[in-house]
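K.L.:
I'd like to ask you about the structure that follows.
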Amino acid sequence: MSQERPDSSLPSRFDVVIGGGGLAGQALARLLRRELPEATVCVIERQRRPLPVAAHKVGESSVELASQFFSVVLGLDEYLRARHYLKNGLRFYPGGGHTHALEDRTEIGPPERAKVPSFQLDRGRLEQDLRDMNEEAGVTLIEGCVVKDVELADGDGDHLVHFETHGGGDPRTVRAGWFVDATGRRGLLRAKLGLTRPSGHLANAAWWRVPGRVDVADLVPQSATAWHQRDPEHIRWYSTVHFMGPGYWLWYIPLAAGDDGQDHTSIGIVVHDELHPFDTVRTRERALAWVEKHEPRCFAQIKDLPMVDFLTLKHYSHATARMFSPQRWSLIGDAGAFSDPFYSPGSDFIALAASFTVEILKVRHRGGDVAEAAERFDRVYLQFFDTTCETYRKAAPVYGSPRVLPAKVYWDDFVYWSFVCQYFFRGLFKLPADQHERFELLGREFAALQFRAQKLLSEWARRADNTPRPVHVVLPVIPSMLASLYLDLVRDMSPDEAHAYMRDKLALAGEILGELALRALAELAPEQRDELARAVDLPSWPRRPPADRIASEAEVGGKRRRALPPIVRDMERTLGRVPGDHDAAALEALVARAFARPERAAG
Ligand SMILES: Cc1cc2nc3c(=O)[nH]c(=O)nc-3n(C[C@H](O)[C@H](O)[C@H](O)COP(=O)(O)OP(=O)(O)OC[C@H]3O[C@@H](n4cnc5c(N)ncnc54)[C@H](O)[C@@H]3O)c2cc1C
């Protein structure tokens, strides 16, 4: 039911009114039709169709959680495979800014096609198609109109949503039992209610689209046969490719051809304020000059390609004090909070906010305790957001470190697959409050480890020897514990089994953290170890790397491997052995020193 302009046939009330029909608004509308078909839904969207292909918005790369949401929960799997690219995971090349031969840099990436599908999305095509599908499914879509204000009602009364034609005129009001703000980063309701908060992460971006395929493999001469043989199927270019250096990364994302047969590549620069202020990428000319300086091989490849568009965002990350309110409103997508594009979590958070909103609305339809549900989901979402943001706040030095970045990706994947994805894939948010609580507690324990881990990785990278290393870090190695975590995403588990599984992984995450500390200490020079211990406050950690794990270094060959804890063996398979030439006694001494509580001053 499309409304080109507001007219008298428009119902005066909807159970849910969604302001903004971008990816977040349309995804939520579709989820509502599927999970709460009795609810009447209206989406008010400023921009009319047709939407531009390729050059519509950023948010093109999706990872496991969002892909599960789009493919399975929203039932779009067949559609996505037909109209977008299946993605070949995330691929990283740290070591930029030092040497510029790609074959001399570390490559971190999957060894073969992904087993759990994820997609490279053309946002214009996806949003256009979602609008068509939603209309067909009975969503009332008012296009070409802007929401001007929302008068929030107290008690049980309806909210009043005031809107008018984009550009002015035809002011109208529609009543809403629930209002969802999906208006994007300017966040109508967040601004009105004064909810915007700093996220503690300052970074900027510039991006553009070019026609045709820009293939990472073309950056490496055919004479580098070993490099090319790592990818016999020649499918690297399906990955989200990251060229990385201190405080930055540059992306290539392929976008599938539309009806005109023309495919595109999305190219973008992300820079952290502390090393690369926004001004360095603010215009087309500056962005290209920046690429020439930091990634000259990429520059040679892309400099003459016509830019279909060019956009920038200064300080793109923001937080919010609230996402879901007992007063019958919620925020979704950029209208709520946005952390960072690295690992593409934007659509993950759209999936979480849409799912949580629908759960709260189900409680409301059942006549249940909406206030309790809204408060619970608000806590859970903001906890996920803060923990995710921490992945980026201190990451600038790690992006430049070929030694530390693989350790970070190992850690980040471990936590993401074992907790965040499992929570979503198993639908644990649907549990009643009393059964859900134990997962919230687990989330807090994972968060505590996450804050320690990110600080450690950052301080380690600041001090690490960051000269490029021409190695291929296969991530995940198959078979490995990390690969099993990934494959476990498609394994059915009851809530009890999922809880036991996550508890087990939480314990392993604690072991990984200790092993990361051991690796950092072993790699650094003695005076840097003391600095690291102080910067990270190792003595305050509840656990140090276990003495028996360190003692296993006294063994050799198979005996040593068998003596190592399984998770340490797994890390070695991905990250190599603990660096440096230390015997067990030397390692024990440096760990004991780093974790020792300082003596209290006498007197
Ligand atoms: C540099 C960068 C790279 C990114 N890369 C990725 C990525 O690879 N993967 C990923 O998942 N995410 C990525 N993201 C995040 C992603 O772009 C966002 O999460 C996503 O686009 C948010 O969608 P949305 O629907 O909330 O907002 P939008 O897409 O901005 O949609 C908001 C909609 O509301 C409409 N609107 C605005 N105001 C009004 C109004 N008053 N009334 C009616 N309609 C209104 C607009 O027309 C628009 O259609 C990236 C972000 C950045 C900054």
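K.L.:
Can you give me the distance in nm between label points at VAL490 and ALA300, each placed 7 Å from the Cα along the Cα-to-Cβ direction?
P.N.:
4.0 nm
K.L.:
Note down the nm distance, to one decimal, between modelled labels 7 Å out along Cα→Cβ at ALA321 and at ARG560.
P.N.:
5.6 nm
K.L.:
Starting from the Cα of ARG197, step 7 Å along the direction of its Cβ; do the same at ASP504; then give the gap between the two resulting points in nm.
P.N.:
So the two model labels end up 3.5 nm from each other.
K.L.:
Could you run the Debye sum over the Cα atoms of region 168-264, one equal point scatterer each and no solvent, and tell me log10 of I(q)/I(0) at q = 0.12, 0.15, 0.17 Å⁻¹, two decimals?
P.N.:
Taking Cα atoms of region 168-264 as identical point scatterers yields -0.74, -0.90, -0.98.
K.L.:
Related question: What does the extension gain come out to for GLU151 and THR225, with contour length at 0.36 nm per residue minus their alpha carbon separation?
P.N.:
Between GLU151 and THR225, full extension yields an extra 20.2 nm.
K.L.:
Antiparallel DSSP bridges in the chain: what percent, to the nearest 5?
P.N.:
Of all bridge pairs located within the chain, approximately 65 percent are antiparallel.
K.L.:
Only helices at least 30 Å long along their axis, Cα-based, and averaging -1.0 or more on Kyte-Doolittle count here, so list those DSSP H runs from the chain.
P.N.:
TM-like helix candidates: 370-393, 433-463, 495-523.
K.L.:
Let me ask another. Given Cα pairs under 8 Å that are at least 6 residues apart, what percent is the relative contact order of region 1-137?
P.N.:
Contact order relative to length: 31 percent.
K.L.:
Quick one: what are the phi-derived ³J(HN,Hα) couplings along region 44-54, Karplus 6.51/-1.76/1.60 with θ = phi - 60°, whole Hz, x for glycine and proline?
P.N.:
In residue order, the calculated couplings are 10, 10, 5, 8, 7, 6, x, 8, x, 7, 6 Hz.
K.L.:
Sticking with this one: Nearest 0.05, what FRET efficiency do ARG569 and LEU311 give at R0 = 56 Å with Cβ-Cβ as r?
P.N.:
Between ARG569 and LEU311 the formula returns 0.75.
K.L.:
At q = 0.11, 0.12 Å⁻¹, what log₁₀ I(q)/I(0) does the chain have when each alpha carbon counts as one equal point scatterer in the Debye sum?
P.N.:
Debye curve over Cα of the chain, log10 I(q)/I(0) at q = 0.11, 0.12 Å⁻¹: -1.07, -1.26.
K.L.:
Is region 3-82 best put as rounded, prolate or oblate by its Cα gyration tensor, with a ≥ b ≥ c the root eigenvalues, rounded for a/c under 1.5, and otherwise prolate when a/b is larger than b/c, oblate when not?
P.N.:
oblate
K.L.:
Which whole-number percentage describes the relative contact order of region 478-602, with Cα contacts under 8 Å and a sequence gap of 6 or more? List each step's numbers first, then the result.
P.N.:
Working: 76 pairs, mean separation 44.6, N = 125.
Worked out over region 478-602, it gives 36 percent.
K.L.:
So for region 417-482, what percent of the C-alpha to C-alpha distances run longer than 17 Å?
P.N.:
65 percent
K.L.:
Once you have the Cα-Cα distance between GLU35 and ASP369, take 0.36 nm times their residue separation minus that, and quote the gain in nm to one decimal.
P.N.:
Contour length minus the Cα-Cα distance gives 118.3 nm.
K.L.:
Amide H neighbours of GLY96 under 5 Å, at least 5 residues apart or on other chains, H built in the peptide plane: list them.
P.N.:
It is MET244, GLY245, by chain and number.
K.L.:
Percent relative contact order of the chain, based on C-alpha pairs within less than 8 angstrom and at least six residues apart?
P.N.:
16 percent
K.L.:
May I ask you to compute the full-extension gain from ARG13 to GLN262, defined as 0.36 nm times their residue separation minus their alpha-carbon distance, rounded to one decimal in nm?
P.N.:
85.4 nm
K.L.:
How large is the direction-averaged shadow of the alpha-carbon convex hull of region 516-603, in nm²?
P.N.:
Over all viewing directions, region 516-603 projects a mean Cα-hull area of 6.4 nm².
K.L.:
For region 4-151, take N as its residue count and report Rg(C-alpha) divided by 2.2 N^0.38 Å.
P.N.:
This ratio for region 4-151 stands at 1.31.
K.L.:
Beyond a 31 Å Cα-Cα separation, which of these cross-linked pairs lie in this structure: LYS362/LYS455; LYS87/LYS314; LYS115/LYS303; LYS362/LYS394?
P.N.:
Exceeds cut-off: LYS362/LYS455; LYS115/LYS303; LYS362/LYS394.
K.L.:
Let me ask another. Return, ordered by residue number, the residues of region 531-570 whose backbone nitrogen is under 16 Å from a label point located 7 Å along Cα→Cβ of ASP583.
P.N.:
Within reach of a label on ASP583, which here means backbone N under 16 Å from a point 7 Å along Cα→Cβ, region 531-570 contributes 550-557.
K.L.:
Kindly state, to the nearest 0.05, the FRET efficiency for ASP273 paired with ARG213, given R0 = 30 Å and r defined as their beta-carbon distance.
P.N.:
0.40
All of the numbers you see were taken from the coordinates with simple rules; none came from a lab. Not measured: the values here are computed from a predicted model. Here the Cβ is made from the backbone with ideal geometry for all residues, glycine too, and neighbour counts use every protein chain on show.
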